[in-house]
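Okay, so here's the structure we're looking at.
The values are calculated or read from the model by the stated rules, or taken from the named source; none is laboratory data. Worth saying up front: this structure is predicted, and the values here are computed from it rather than measured. Quick reminder, even Gly has a Cβ in these numbers, built from the backbone with ideal geometry, and neighbours come from all protein chains shown.
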């Protein structure tokens, strides 16, 4: 029996059935039997090299660190040292002090002023102000000079002669002082003053030598 010409599974006179047309239209490409579909549309390809916004160099690396705590510690130590220097005010209440040689009195008064300025410098260092370091170093240098003047005034033999004549000290006290070598005491005392103040100045200068000290650019003058 021959197939009917209206059979949907066969073609009539070489024409395609609607199903076969739909099947070809639905397949983009590839193997119909395997079901693989190949997309023949071209994909965009990026050619060349992306531009470096830093001009061919590596971007700068920014490292943020907290400032060092050295200025705070040094500032507190300087203020404590200044307070000990202000204890000389107690000697002003002694009437005997005002009978001392004039260089000794003047040196003591200047020492109080320099100690007060030293305390101000310590407070400024604690607040990360560079001018506080310079002020503290200057005051320590002046205090060293004041200390040398005081030592040489204390061991002055003429001063004890005047005290003996005025009756402020007895002959026994005068003899006890006279046996002391004034030159030796003056030399030893001067060396100690210089060494101690030099060490203090080195400690105060530590914030300037720390890389991340956090100090500002303030100056004492200008």
Residue among 164, 140 that alone is assigned to a helix (DSSP H, G or I) and either in contact with a strand residue (DSSP E or B) (Cβ under 7 Å, 6 or more places away or on another chain) or modelled with pLDDT of 85 or more (or both): 140
Residue in region 101-118 that is part of a helix (DSSP H, G or I) and over 26 Å from residue 186 (Cα atoms) present: yes
Test for residue 212: is it modelled with pLDDT under 95 and within 14 Å of residue 75 (Cβ to Cβ): no
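Per-residue answers, yes or no, for (1) modelled with pLDDT of 80 or more; (2) under 30 Å from residue 212 (Cβ atoms):
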| site | (1), (2) |
| --- | --- |
| 41 | no, no |
| 48 | no, no |
| 60 | no, yes |
| 83 | yes, yes |
| 92 | yes, no |
| 97 | no, no |
| 102 | yes, no |
| 113 | yes, no |
Test: residue in region 181-199 that is at pLDDT below 70, farther than 30 Å from residue 70 by Cα, surrounded by 12 or more Cβ atoms within 10 Å (Cβ to Cβ) and out of contact with any strand residue (DSSP E or B) (no Cβ under 7 Å at 6 or more places or on another chain): yes
